[in-house]
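Asks: Attaching a single structure in structure tokens format; questions to follow.
Every number in this text was worked out from the coordinates using simple rules, so none of it is lab data. Computed from a predicted model, the values in this text were never measured in an experiment. Neighbour counts run over all protein chains shown; Cβ positions are idealised from the backbone, glycine included.
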Amino acid sequence: MTEPQGSLPPGQRAVVGFPRFGVDLRRPPPAVPDDPVLAVRGAVRLPVDLPLHKVMTDGRQDLEADLHCVAGWSATGMVWQGVPFATVYRTLLRPRLRPGSEVTHVLFRGLDGFCSVLLLEDALQPDVLLADRLDGRPLDGDHGAPLRLVSPHQYGYVSTKHVTRVELHTQEPVGLRTSRRARVRWWLLGLHPRARVQLEERHPQLPVRLVRPVFRLLAGRIRRDLWRS
Ligand SMILES: Nc1nc2c(c(=O)[nH]1)N[C@H]1C(S)=C(S)[C@@H](COP(=O)(O)O)O[C@H]1N2
Ligand SMILES: [Mo]
């Protein structure tokens, strides 16, 4: 049963627990490499693969947050742990930029091919975390091992799971927002480039009254237990 919750953002319903969700749930979560890295690409002087344990050491923080899927369900009260993206950007990424590059967009890619693109200003918000722990335990495959982005002020599709690559771009990367496979399955989903939950930025063109029921239906087909949990 889903319960209406006054504290949720507009158009969202709380679900019980924290379901695994994604564009291709028939596939199991991707296998995690023995020594996972964060590959840094794009407008950097040299491409570099940073071992995750180095990325995830300094500046660790807890973040209590809800996750709002654009399809209309919300999971509430998760406690993530990791390093704010702004810290990683300041200490490990910005110093590696090619001189004179003005980064505008950041792309995060997961091991399953999924990716999300954020405006740099959205990625640098204080609630945006690179997380490797959830509720006191290392992230499991369902929720994004070995590393995921957590951007609670944006819809869930921005929070790429299984992140092993970050690209710094000086203009919007074209046609990269999702993998080809994902685009085919989610052809209806024009993904709003900013996806801010409070502004209900669900779709770049269509009005929310139209997209809400369609997204909700899609979500129910992807996870049949969703609206009954
Ligand atoms: N790598 C990857 N990240 C992803 C997805 C995906 O399919 N693959 N789905 C996104 C969507 S649409 C949502 S709502 C959230 C769901 O996160 P959860 O599975 O931890 O609930 O992950 C996002 N990140
Ligand atoms: Mo989602």
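Asks: Return one number: the angle in degrees, 0 to 90 and rounded to the nearest 10, between the long axis of the Cα atoms of helix 208-222 and the longest principal axis of the Cα atoms of the chain.
Replies: For helix 208-222, the angle is close to 90 degrees.
Asks: With springs only between Cα atoms under 10 Å, which of Asp112, Asp35, Asp58 fluctuates most in a Gaussian network model of the chain?
Replies: In the Gaussian network model the winner is Asp35.
Asks: Another question about this same structure. How much net charge surrounds Arg20 when only the other residues with a Cβ under 10 Å from the Cβ of Arg20 are counted, with Lys and Arg +1 and Asp and Glu -1? Don't skip to the answer; put the middle values down first.
Replies: Values: positive: Lys161, Arg223; negative: Asp140, Asp142.
Neighbour charge sum, excluding Arg20 itself: 0.
Asks: Only Cα pairs within less than 10 Å get springs; with that Gaussian network setup on the chain, which residue of Arg148, Arg196, Arg94 has the largest fluctuation?
Replies: It is Arg94.
Asks: Continuing with the same structure: Work out how much length Asp58 to Leu217 would gain on full extension: take 0.36 nm times their residue separation and subtract the Cα-Cα distance, in nm to one decimal. Spell out each step's value before the answer.
Replies: Values: separation 159, 0.36 × 159 = 57.24 nm, distance 4.22 nm.
Here the answer is 53.0 nm.
Asks: What are the principal axis extents of the Cα atoms in the chain, in Å, biggest first?
Replies: 50, 38, 32
Asks: Please build a GNM for the chain, connecting alpha carbons under 10 Å apart, and tell me which residue among Leu52, Leu168, Leu149 fluctuates the most.
Replies: With Cα springs under 10 Å in the chain, the top fluctuation among Leu52, Leu168, Leu149 is at Leu52.
Asks: Same structure again: What does the highest-first list of 17-28, 133-144, 61-72 look like by mean Cβ count within 10 Å?
Replies: Values: 17-28: 14.2, 133-144: 15.9, 61-72: 19.6.
Ranked from most to least packed, the peptides come out as 61-72, 133-144, 17-28.
Asks: Would you calculate the separation in nanometres between label points at Gln171 and Asp35, each defined as 7 Å from the Cα along the Cα-to-beta-carbon direction?
Replies: Each label point is offset 7 Å from its Cα along the Cβ direction, giving 3.8 nm.
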